[in-house]
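J.: Quick one: structure below, then a few questions.
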Amino acid sequence: EEGSFRVFSTFRLKMPKFLKSGKVVILLSGRYAGRKAVVVKTFDEGHDKRKFGHCVVAGIDRYPRKVTKAMSTKKVKDRSKIKPFVRRINYNHIMPTRYQVDITDAIKKIVTDEIFASPEGRKDARRAVKAKFEDRYLNQTTCKSEKSAAGVQYFFRKLRF
């Protein structure tokens, strides 16, 4: 019969969230391809103008240079400079790593949706992120766990390939 079959409502299977804030990712395309970044906030279903899954990341554009024991504190400070970036990135353009970093709590307060509205907001956010990154880079020994220490060490090292 024509009306005897049942129509089942379509339901969507939930994917497990593996991209949580604090995850270290590598950007695959665009201006910052090959750079490492930390996921600050995720939007799995998208929102507003971006109707696709994306995340806000804070990453390193220019990595700190090598430091040795013989260098003076001034030289160490100069060579520890970091140039950061803050962007919204499509999930298709990032590759997650196994590492986790514990600096997202400080960065979450700085990087919000409002900062992307104006160039001044982005500049202020970059300046604040730079201070947090440099402080965390210079204080790597104050890690809570061994896993976090490995993530921080990996994050601040330039990707070689």
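Residues are listed down the side, and each one gets a yes or a no for (1) under 23 Å from Gly46 (Cβ atoms); (2) at pLDDT 90 or above:
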{"site": "Asp78", "(1), (2)": "no, yes"}
{"site": "His93", "(1), (2)": "yes, yes"}
{"site": "Pro96", "(1), (2)": "yes, yes"}
{"site": "Thr104", "(1), (2)": "yes, no"}
{"site": "Glu134", "(1), (2)": "no, yes"}
{"site": "Cys143", "(1), (2)": "no, no"}
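J.: Within region 112-122, restricting attention to residues that are charged (D, E, K, R) and touching a helix residue (DSSP H, G or I) at 6+ places or on another chain (Cβ under 9 Å), which residue is surrounded by the fewest Cβ atoms within 10 Å (Cβ to Cβ)? Spell out the reasoning first.
T.: Taking region 112-122 as the starting set, the residues that turn out to be charged (D, E, K, R) are 113-114, 120, 122.
Now drop any that are not touching a helix residue (DSSP H, G or I) at 6+ places or on another chain (Cβ under 9 Å), which leaves 114, 122.
Details: Glu114: 9, Arg122: 16.
Ranking the candidates gives Glu114 first.
J.: May I pose another question? Exactly one of (1) free of Cβ contacts under 8 Å to residues at least 60 places away in the same chain; (2) in a loop (DSSP other than H, G, I, E, B); (3) more than 20 Å from Leu138 (Cα to Cα); (4) among the hydrophobic types (A, V, I, L, M, F, W, C) is unmet by Leu19. Its number?
T.: Failing condition for Leu19: (1).
J.: Still on this model: Does at least one position in region 104-111 carry a residue that is surrounded by fewer than 12 Cβ atoms within 10 Å (Cβ to Cβ) and either free of Cβ contacts under 8 Å to residues at least 24 places away in the same chain or out of contact with any Cys (no Cβ under 6 Å at 6 or more places or on another chain) (or both)?
T.: yes
J.: OK, next. I'd like to verify a number: residues in region 147-161 that are over 11 Å from Val101 (Cα atoms) and either more than 16 Å from the chain's Cα centre (by Cα) or surrounded by 16 or more Cβ atoms within 10 Å (Cβ to Cβ) (or both), how many? Write out each step before concluding.
T.: If we filter region 147-161 for residues that are over 11 Å from Val101 (Cα atoms), which is where we start, we get 157-161.
Remaining after also requiring either more than 16 Å from the chain's Cα centre (by Cα) or surrounded by 16 or more Cβ atoms within 10 Å (Cβ to Cβ) (or both): 160-161.
Result for region 147-161: 2.
J.: Hey, another quick one. Can you find a residue that is within 20 Å of Thr112 (Cβ to Cβ) and not in a helix (DSSP H, G or I) anywhere in region 60-83?
T.: Looking only at region 60-83, we keep the residues that are within 20 Å of Thr112 (Cβ to Cβ), and these are none.
Within region 60-83, none of the residues are within 20 Å of Thr112 (Cβ to Cβ) and not in a helix (DSSP H, G or I).
J.: Then there is this: Could you check Tyr63 against (1) of a type outside the set (Gly, Ala, Ser); (2) open to solvent by 40 Å² or more (accessible area, probe 1.4 Å); (3) more than 12 Å from the chain's Cα centre (by Cα) and say which number it fails?
T.: (2)
J.: Just the residues that are under 23 Å from Lys109 (Cα atoms), assigned to a helix (DSSP H, G or I) and without any contact (Cβ under 8 Å) to a residue 60 or more places away in the chain, please, taken from region 139-152.
T.: Ser148, Ala149, Val152
J.: In region 15-48, which residue that is at pLDDT 60 or above and farther than 23 Å from Val129 by Cβ is least open to solvent (accessible area, probe 1.4 Å)? Before you say what the answer is, go through the steps one by one.
T.: Applying the first criterion (at pLDDT 60 or above) to region 15-48 yields 16-48.
Narrowing further to those that are farther than 23 Å from Val129 by Cβ: 16-18, 44-46.
Details: Pro16: 99, Lys17: 109, Phe18: 121, Asp44: 68, Glu45: 115, Gly46: 22 Å².
Restricting to residues being at pLDDT 60 or above and farther than 23 Å from Val129 by Cβ, the top hit is Gly46.
The values are calculated or read from the model by the stated rules, or taken from the named source; none is laboratory data. Just so we're clear, the structure is a prediction, and the values are computed from it rather than from any experiment. As a convention, Cβ positions derive from the backbone with ideal geometry for all residues, glycine included, and neighbour counts pool all protein chains shown. The area values use the complete protein model at the heavy-atom level, side chains included, leaving out ligands, DNA and RNA. Shrake-Rupley method; radii C 1.70, N 1.55, O 1.52, S 1.80 Å.
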